[in-house]
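*Asks:* Sharing a structure here in structure tokens format.
The values are calculated or read from the model by the stated rules, or taken from the named source; none is laboratory data. None of these values were measured; they are calculated from a predicted model. All Cβ positions, even for glycine, are placed from backbone atoms using ideal geometry, and neighbour counts span all protein chains on display.
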Amino acid sequence: MNILDEALARIGRSGEELRELLGSLLEGNPAYLVGSLAAGFGNVRSDVDVHIIDQESRATGVPAMFFLGRSIVDVVHHRPAEVSGAAAQLAETWAPMAGGICGCGSTISRKDQKRLGRWWSSMPLNVGDPPLFDADLGDRVTATNARGALAEFFVYAAIAEMIEMHADDQAIAAGAWRRVALAYVELLARSRGESFVGDKWVWRKAQRAGLPGSLIDDLDRVRTRSGLRRAMADDLAAVEPLDLVVVAPEPGESIDLGLSSVLLVVDRVVPAGGHVATGSVREEIDRLGAAGVLEALTHQTAHLLADDAGLDAVLA
Amino acid sequence: MTIYPTAWILSTGMDLAWHLADEVEAGVEDMDGALTSGDLATAFESARYTLNAVALAWQRVDGTPLSTVEPEFLAALGHARSRALATYASWPAVSELTEERMGELVAEVRGQVAELRAAVPFELPNLRSPDGLMPGLRAARLIDGLRARHGLPPFSWPGLMT
């Protein structure tokens, strides 16, 4: 049985059945199984994700949906330039981190991390179609994936710090710190070669990456900031997340209504005075309170980013 | 019988109905799939996802925009001081899970999904299922026609884009 058939066997199907279903869509264009099944996970209820690489401008981002029995098959078209663009974003330098490696320089977006993870672990549907990425890019892919997880870990930790300030309830903060520890497990797995796949697979990834069971278990028992620092097995524990994370408003339009001014952000109106400014999340907490920053994130009028220069300093 | 304003139904009500059909039901499907495969750890994470998705739906009723994007997801739960975070903290470590304990957690989450379903003004067919696709498309055409008559843009169907 080839690896494509092995992957599809988890939903009780075969490569031949998938090729028959997609028929003429596959003519002349390389097509790939991506997502959890291609990454070695997935189960009987998993969707089948297929990416077709073609020169036609059919890359709308909207998947065409098919059914293979009761399994959903999502087919998305991408242009070759998107794949080469993802390869061009790969980290060129990296540093040792947490038992693995992590990229230096810049962090790619979550959407690009998702694509990179899918394309790196993709499987050609047709014998003879070339792999989307050369195998010798492995370290660069790992470094890029880990960099994304590192940035996200500090963003989660900054949010947990704000929840701790705002919630005034240790049981609620405990759930936030447990989520931060999960982000750290993801970071450890990615620094050892795992890719971005759905969050629900984090324990399977940790196991495949060879993380010690006792370390994973310690992290899963984290319910406080100090508990997280004790469980983390590296120097990252000493970094203050609020020093590494910046807040940025979503672009919006300011309108002066005479008696008040408001910002139009996304599809909402927010009072101008309550809007976050670009800069240190710590300074915005001082100005608006942790609740004000959390509210801006909740209403999607602002987002958090880990500062790339700060991350590089941590890695150095 | 509860009577809802048309504008509410076409905006908040639609958000809730689609969130239930897409995000919440996907979480339940993931829980079931992982359990069927004997993968308790993945079932656990799917249960966490579903718990959070239900909590965010209740926040939508109170006027909070819906987003299941991580990590803003966590900020939204924290800002609302959601008990879903406390519930997650109280759940056992994955290493301690047994089939029986996981079954209890799944039942707990299913109970929350049922409460949400009872509170949502209407349900949409699940577009992402063989049985729901055609009825779902018919419902989508009807909803978008109503939205157009009330001067609203077509519904964005979040989650369908990749």
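*Asks:* Do any strands (runs of 3 or more DSSP E) lying entirely in the range A:169-265 carry at least 3 residues that are within 24 Å of A:ASP307 (Cα to Cα), and which ones are they?
*Replies:* On the way: elements: A:245-249, A:252-256, A:261-265.
Ranges flagged: A:245-249.
*Asks:* Now a separate question. Residues to consider are A:LEU90, A:LEU18; find the one that is outside any loop (DSSP other than H, G, I, E, B) and either in contact (Cβ under 8 Å) with a residue 40 or more places away in the chain or within 14 Å of another protein chain (Cβ to nearest Cβ) (or both).
*Replies:* Values: A:LEU90 fails: outside any loop (DSSP other than H, G, I, E, B).
After ruling out the rest, the residue left standing is A:LEU18.
*Asks:* Further question on the same structure: Look at B:LEU97 and say whether it is touching a residue at least 24 places away in the same chain (Cβ under 8 Å), within 13 Å of chain A (Cβ to nearest Cβ), within 25 Å of A:ASP47 (Cα to Cα) and surrounded by 14 or more Cβ atoms within 10 Å (Cβ to Cβ).
*Replies:* Numbers: touching a residue at least 24 places away in the same chain (Cβ under 8 Å): yes; within 13 Å of chain A (Cβ to nearest Cβ): yes; within 25 Å of A:ASP47 (Cα to Cα): no; surrounded by 14 or more Cβ atoms within 10 Å (Cβ to Cβ): yes.
Against the criterion (touching a residue at least 24 places away in the same chain (Cβ under 8 Å), within 13 Å of chain A (Cβ to nearest Cβ), within 25 Å of A:ASP47 (Cα to Cα) and surrounded by 14 or more Cβ atoms within 10 Å (Cβ to Cβ)), B:LEU97 does not qualify.
*Asks:* Which residues, counting only those in the range B:90-107, are part of a helix (DSSP H, G or I) and closer than 21 Å to A:ARG204 by Cα? Before the answer, list the steps.
*Replies:* Initially, the range B:90-107 is screened for residues part of a helix (DSSP H, G or I), giving B:90, B:94-96, B:99-107.
Result: B:VAL94, B:SER95, B:GLU96, B:GLU99, B:GLU100, B:ARG101, B:MET102, B:GLY103, B:LEU105, B:VAL106.
*Asks:* Check B:ARG117, B:ARG128 and return the single one that is of a type outside the set (S, T, N, Q) and part of a helix (DSSP H, G or I). Can you show your working first?
*Replies:* Working: B:ARG128 fails: part of a helix (DSSP H, G or I).
The unique qualifying residue is B:ARG117.
*Asks:* Among (1) under 24 Å from A:ILE3 (Cα atoms); (2) touching a Lys or Arg at 6+ places or on another chain (Cβ under 6 Å); (3) modelled with pLDDT under 90, which single condition is A:MET65 missing?
*Replies:* The number of the failed condition is (2).
*Asks:* Could you please find all residues in the range B:28-46 being part of a helix (DSSP H, G or I) and either of a type in the set (Gly, Ala, Ser) or at the interface with chain A (Cβ under 7 Å from one of its Cβ atoms) (or both)?
*Replies:* First, pick out the residues of the range B:28-46 that are part of a helix (DSSP H, G or I): B:28-36, B:40-46.
Scanning the range B:28-46 gives B:GLU29, B:ASP30, B:ASP32, B:GLY33, B:ALA34, B:THR36, B:ALA41, B:THR42, B:ALA43, B:GLU45, B:SER46.
*Asks:* Within the group B:LEU146, B:LEU142, B:LEU77, which residue is under 17 Å from the mean Cα position of the chain (by Cα) and in a helix (DSSP H, G or I)?
*Replies:* When all the criteria are applied, what remains is B:LEU77.
*Asks:* So, A:ASP129, is that one acidic (Asp, Glu), more than 10 Å from every other protein chain (Cβ to nearest Cβ) and either touching a Lys or Arg at 6+ places or on another chain (Cβ under 6 Å) or within 26 Å of A:LEU211 (Cα to Cα) (or both) or not?
*Replies:* Numbers: acidic (Asp, Glu): yes; more than 10 Å from every other protein chain (Cβ to nearest Cβ): yes; either touching a Lys or Arg at 6+ places or on another chain (Cβ under 6 Å) or within 26 Å of A:LEU211 (Cα to Cα) (or both): no.
So A:ASP129 does not fit the description; no.
*Asks:* In addition: Given the conditions (1) closer than 29 Å to B:ALA148 by Cα; (2) surrounded by fewer than 23 Cβ atoms within 10 Å (Cβ to Cβ); (3) touching a His at 6+ places or on another chain (Cβ under 8 Å); (4) without any contact (Cβ under 8 Å) to a residue 60 or more places away in the chain, report the number of the one that B:ALA7 does not fulfil.
*Replies:* So the condition that B:ALA7 fails would be (4).
*Asks:* Taking the stated definitions as given, is A:GLY23 modelled with pLDDT under 95 and either in contact with a Ser or Thr (Cβ under 8 Å, 6 or more places away or on another chain) or part of a loop (DSSP other than H, G, I, E, B) (or both)? It would help to see each step written out before you state the result.
*Replies:* Values: modelled with pLDDT under 95: yes; either in contact with a Ser or Thr (Cβ under 8 Å, 6 or more places away or on another chain) or part of a loop (DSSP other than H, G, I, E, B) (or both): no.
Here the answer is no, as A:GLY23 does not meet what is asked.
*Asks:* Mind checking which residues of the range A:101-116 are surrounded by fewer than 21 Cβ atoms within 10 Å (Cβ to Cβ) and over 16 Å from the mean Cα position of the chain (by Cα)?
*Replies:* Correct list: A:CYS104, A:GLY105.
*Asks:* What residue, of B:ARG138, B:ARG147, B:ARG81, is loosely packed, with under 15 Cβ neighbours inside 10 Å and either within 28 Å of A:ALA64 (Cβ to Cβ) or of a type outside the set (Gly, Ala, Ser) (or both)?
*Replies:* Details: B:ARG147 fails: loosely packed, with under 15 Cβ neighbours inside 10 Å; B:ARG81 fails: loosely packed, with under 15 Cβ neighbours inside 10 Å.
Matching residue, one of B:ARG138, B:ARG147, B:ARG81: B:ARG138.
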